[in-house]
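The structure appears below as structure tokens.
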Amino acid sequence: MSGVPHHIAIVMDGNGRWATRRFLPRVAGHRQGVEALRRCVQACLDRDVRVLTVFAFSSENWDRPQDEVSGLMSLMVSVLAKEVKPLKANGVQLRFVGALHALSDKVRAGLEQAERETAGNQRLVLNICFNYGGRWDIAQAAQRLAAAGEAITEASLGRTMALAHVPDPDLVIRTGGEFRISNFLLWQSAYSEFVFSDKLWPEFDPAALDDAIAAYGRRERRFGKTSEQVVANQAA
Ligand code: IPE
Ligand code: IPE
Ligand code: MG
């Protein structure tokens with residue numbers, strides 16, 4: 001039994017289908033997705049999860065229809081304007097992870113302000129992956145090391161990657177019924193436990209989070225060792 005995961009990462013998928021099923025524009029699904037994220041952050045605080053990393057916009061999501069992309073960008077700005085204060089009051093440290101230089105000045109200013117305001121918080125680190133791709137992350141780390149003339153090793157890459165400020169995720173959840181990683185934490189999820197949920201992200205609630213945590217608790221994490229070794233280690 002592994003207890004409550006220290007770090008949970010989530011591919012928040014299914015907003016578009018949630019909206020389409022209700023004959024609503026896809027952006028309405030993203031708005032509802034924000035509500036699900038707010039519930040999820042509170043549930044993580046209540047359960048003493050220390051790091052929550054969510055996939056909000058991928059490197060590939062730029063290829064969506066222009067109105068959806070601009071809707072997502074303005075949603076980010078308006079959500080931050082409203083949510084930073086309560087997040088700050090709840091001890092949440094916001095971190096944005098991705099190719100942030102490629103965002104508009106307005107969006108980037110919002111993200112930077114949110115990070116500044118919550119920088120001292122320790123209760124929960126909330127990493128929002130935005131214009132993020134696992135391949136981008138590995139490539140940018142390698143480029144930075146090469147530019148500095150440093151050796152490229154597992155350790156040097158690990159400390160140059162975008163999530164170097166937190167340990168690797170223990171549990172990765174993907175909602176929306178797909179069984180793929182879609183360029184999420186390629187490097188950091190090497191030994192994560194995966195849980196897939198059929199729920200669309202706007203429907204994901206604390207009970208669904210508890211189901212995922214319970215499934216995680218039934219897994220045996222072996223990290224390449226044998227089951228006998230793991231059991232002996234736990235007894236020691
Ligand atoms: C996930 O929901 C949110 C983003 C990718 C921004 P989707 O928008 O991918 O929803 P579906 O998969 O089309 O239902
Ligand atoms: C992954 O979902 C990205 C986010 C949740 C932000 P997608 O909906 O973009 O993934 P695919 O296209 O179904 O693989
Ligand atoms: Mg999707």
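Okay, here's what the table says:
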quantity	calculated
Highest average packing first - 48-60, 156-168, 219-231, Cβ atoms within 10 Å	48-60, 156-168, 219-231
Rounded, prolate or oblate (a/c below 1.5 giving rounded, otherwise prolate when a/b exceeds b/c) for segment 40-122 by Cα gyration tensor	prolate
Mean Cβ count within 10 Å, highest first, over the residues of peptides 204-213, 138-147	204-213, 138-147
Rounded accessible area per residue of segment 7-235, 1.4 Å, Å²	50
Over the chain: helical MRE at 222 nm, DSSP H runs n ≥ 4 each giving -39500 (n - 2.57), nearest 500	-15000 deg cm²/dmol
Percent of alpha-carbon pairs separated by more than 24 Å within the chain	47
Computed over the chain: relative contact order in percent, which uses C-alpha pairs under 8 Å that are six or more apart	29
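The values are calculated or read from the model by the stated rules, or taken from the named source; none is laboratory data. Everything quoted here is computed from the prediction, not taken from an experiment. Virtual Cβ from ideal backbone geometry, glycine too; neighbours counted across all protein chains shown. Ligands, DNA and RNA are excluded from the accessible area calculation, which covers all protein heavy atoms including side chains. Shrake-Rupley method; radii C 1.70, N 1.55, O 1.52, S 1.80 Å.
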